[in-house]
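Asker: This structure is in structure tokens; I'll ask about it shortly.
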Amino acid sequence: MPPRVIALAPMPPEKAAYALARYSRSPDSIESSLRWVFDHSAEKFWEQFYFDYGHASIADLGHAVVCFEDISELAAIHVEDERLWDGQAKSSRYQDFARLGYHLPPELSAEEAARYRAGANALFAAYRELFPPVERRLREKHPRPADMKEGLYARNVAARAFDVVRYVLPLAVPTNVGQVVSIRTLEKQIGHLLAAPYPEVQDLGERLKAAAAAPPLDLWNRLGASAAPAPREPLAATLARHARANEYWRRAYRVLEQIGAEELRLGTPEPAPLVDLVPEQPLEVETVATLLYRVSHHPYRQIAGAVSEWSEAKRRGVLEAALGGREREELLPEFQSGYRLIFDVLMDVGGWRDLHRHRRCQQVRQPFTFAHGYDTPPLLAEAGAEAAYRNAMDVAAAAARGLAPATAAYLVPFGHRVRCLFKMDYAEVEYVSRLRSGVKGHFSYRQVAWEMKRALGARHPFLAERIEATPPWVEDSLRR
Ligand SMILES: Cc1cc2nc3c(=O)[nH]c(=O)nc-3n(C[C@H](O)[C@H](O)[C@H](O)COP(=O)(O)OP(=O)(O)OC[C@H]3O[C@@H](n4cnc5c(N)ncnc54)[C@H](O)[C@@H]3O)c2cc1C
């Protein structure tokens, strides 16, 4: 018989995974497997192979499309914080966020809520107030080319203006995220969301679990007049039933916070450049430093310096603490150590949010804070809007003072700095430097992408020269 290639229409993910798993273990054709699976309950198979035998990779064979609407940017970051994740989020570079409102954490007291509102309102008022002068200044600087229609020109200029005014958007601003993930990732994601330190994110975990246990929205088949009605099956009932909060992660991060507070007395964080390609360390030092970096506000270099002077016993104590209490959960992501190219980046939250989307690297972000200060795009001064910007940023920081870190984080504006480690292989440095330095990119991450190439050049000049990155001074503001 000649070889055949058979594409299958989408089907419920647990069924798809069951059919493909059965296909790999029986002489049947895929058609026979599908017929068999259609007539049999998948539940027993899942209970036995996935949960009892621990064949987790079976769940990679079924995929689900899930959308999250009107969640805060902070929650969206947690949703996207999965290594094997495909998706898109609403763009703060191309969409107007002026009148969307913001997430108000219900755990705030009345007095705290009033303060929080004052901070958030000041930021959104600034977003609306800053846009016209910034847009005007951009039009002066970059007049419309004769061959560009006004509509396209207006959209391009607006996008560049959003690049600037988004600096005042707080992490409380609502957004939408659409994802396509395997149900293996979905189960882990539910566990991570349920264990996050934010009630909104935990609630999202419950909602995701409920969505997995219910039949999915089947609008597409209903829209097709001739399509047969699809069976109203739950999306992934067995996984939804078993999904649990990842207690191991929750506990381990709490213990690490304690260890960091007690053992890592580093004083004021040392000044750090935008991008620091940190020295290589032995694996144990790198792992311990990374675990503590995740719960700290200090530069990696400072933490690794201290950890490398600790006794081996003390380092092993941290490793034991971070390994303890694990059942079938994966190790904390900070154990994904052993990279030779580690960039410690201190950049604006908005630009980091864009870089967060790169998955072929290990990212370790520190908690959001007002402590690192904020960036000021030069265009604000050119547009005569810098004072209004600074005022809104100061009002937000003052409003956040005294709030618990988990609620203050919502008020952190995109212009404030966040510290994040990017552990990469050379191919990813090449990819990110080339892609993110391009003229269509945001000026903030363009600079980071360029600095990554430069930092690499100091250590591996030949490899850095081979990266076709675009210098930040090459601009084309009317291209998107
Ligand atoms: C100008 C611009 C505008 C954008 N606008 C938006 C927007 O509006 N909304 C939005 O949500 N995003 C937006 N993005 C982000 C974009 O959609 C991507 O998410 C982001 O650029 C990461 O791209 P990537 O998937 O190619 O890179 P990476 O995730 O870094 O992947 C690099 C390569 O590795 C592969 N890979 C990924 N993960 C793994 C893995 N675990 N193991 C091995 N290989 C892997 C990928 O398939 C790819 O080939 C924008 C990006 C740019 C540059």
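The values are calculated or read from the model by the stated rules, or taken from the named source; none is laboratory data. Just so you know, these numbers come straight off a predicted model, no measurement behind them. Note that we place each Cβ from the backbone using ideal geometry, even for glycine, and neighbour counts take in every protein chain shown.
Asker: Test residue 138 against the stated conditions and say whether it is under 30 Å from residue 395 (Cα atoms), in the same structural domain as residue 388 (by TED's automatic domain parsing) and either in a helix (DSSP H, G or I) or not β-branched (Val, Ile, Thr) (or both).
Answerer: Spelling it out, residue 138 is indeed under 30 Å from residue 395 (Cα atoms), in the same structural domain as residue 388 (by TED's automatic domain parsing) and either in a helix (DSSP H, G or I) or not β-branched (Val, Ile, Thr) (or both).
Asker: Inspect all residues belonging to segment 449-465 and state whether any of them is assigned to a loop (DSSP other than H, G, I, E, B), over 25 Å from residue 154 (Cβ atoms), within 21 Å of the chain's Cα centre (by Cα) and within 15 Å of the ligand (Cβ to nearest atom).
Answerer: Going through segment 449-465, the residues assigned to a loop (DSSP other than H, G, I, E, B) turn out to be 460.
Adding the requirement that they be over 25 Å from residue 154 (Cβ atoms) leaves 460.
Right, trim to within 21 Å of the chain's Cα centre (by Cα) and you get none.
Among the residues of segment 449-465, not one is assigned to a loop (DSSP other than H, G, I, E, B), over 25 Å from residue 154 (Cβ atoms), within 21 Å of the chain's Cα centre (by Cα) and within 15 Å of the ligand (Cβ to nearest atom), which makes the answer no.
Asker: Is it fair to say residue 446 is in a loop (DSSP other than H, G, I, E, B), basic (Lys, Arg) and within 30 Å of residue 136 (Cβ to Cβ)?
Answerer: Details: in a loop (DSSP other than H, G, I, E, B): no; basic (Lys, Arg): yes; within 30 Å of residue 136 (Cβ to Cβ): yes.
So residue 446 fails the test.
Asker: While we're looking at this one, here's another question. Can you tell me which residue is surrounded by the fewest Cβ atoms within 10 Å (Cβ to Cβ) among those in segment 78-89 that are assigned to a helix (DSSP H, G or I) and within 12 Å of the ligand (Cβ to nearest atom)?
Answerer: Result: 80.
Asker: Give just the number: which of (1) within 14 Å of residue 172 (Cβ to Cβ); (2) within 15 Å of the ligand (Cβ to nearest atom); (3) polar (S, T, N, Q); (4) part of a helix (DSSP H, G or I) does residue 92 not satisfy?
Answerer: (4)
Asker: Does at least one position in segment 141-157 carry a residue that is of a type in the set (S, T, N, Q) and within 18 Å of residue 476 (Cβ to Cβ)?
Answerer: Looking for residues that are of a type in the set (S, T, N, Q) and within 18 Å of residue 476 (Cβ to Cβ), one finds at least one in segment 141-157, hence yes.
Asker: Pairs under 7 Å by beta carbon, first residue of a type in the set (Lys, Arg) in segment 358-369, partner within 16 Å of the ligand (Cβ to nearest atom), six or more apart or different chains?
Answerer: Close Cβ pairs satisfying both conditions: 359/83; 359/85; 360/428; 365/420.
Asker: Quick check on segment 408-425. Is at least one of its residues assigned to a helix (DSSP H, G or I), among the basic types (Lys, Arg) and within 16 Å of the ligand (Cβ to nearest atom)?
Answerer: Scanning segment 408-425 turns up no residue that is assigned to a helix (DSSP H, G or I), among the basic types (Lys, Arg) and within 16 Å of the ligand (Cβ to nearest atom).
Asker: Might you check whether a residue that is of a type in the set (A, V, I, L, M, F, W, C), crowded, with 21+ Cβ neighbours inside 10 Å, within 20 Å of the chain's Cα centre (by Cα) and more than 10 Å from the ligand (Cβ to nearest atom) occurs anywhere in segment 426-433? Talk me through it step by step, then tell me what you get.
Answerer: Residues of segment 426-433 of a type in the set (A, V, I, L, M, F, W, C): 427, 429, 432.
Adding the requirement that they be crowded, with 21+ Cβ neighbours inside 10 Å leaves 429, 432.
After this cut, where a residue has to be within 20 Å of the chain's Cα centre (by Cα) as well, the list is 429, 432.
Add one more test, that the residue is more than 10 Å from the ligand (Cβ to nearest atom), and what stays is 429.
Yes.
Asker: Determine, yes or no, whether residue 398 is more than 16 Å from the ligand (Cβ to nearest atom), at pLDDT below 95 and among the hydrophobic types (A, V, I, L, M, F, W, C). Steps first, answer last, please.
Answerer: Working: more than 16 Å from the ligand (Cβ to nearest atom): yes; at pLDDT below 95: no; among the hydrophobic types (A, V, I, L, M, F, W, C): yes.
The answer is no for residue 398.
Asker: Which ranges mark the helices (runs of 4 or more DSSP H) fully within segment 210-314 that have 3 or more residues being over 21 Å from residue 339 (Cβ atoms)?
Answerer: 219-223, 237-242, 247-263
Asker: Pick from segment 267-277 the residues that are over 19 Å from residue 370 (Cβ atoms) and surrounded by 16 or more Cβ atoms within 10 Å (Cβ to Cβ): which of them is nearest to the chain's Cα centre (by Cα)?
Answerer: Across segment 267-277, the extreme among qualifying residues is 275.
Asker: Same structure, new question: Exactly one of these conditions fails for residue 70: (1) closer than 30 Å to residue 171 by Cβ; (2) away from the ligand (no atom under 15 Å from the Cβ); (3) part of a loop (DSSP other than H, G, I, E, B). Give me its number.
Answerer: (3)
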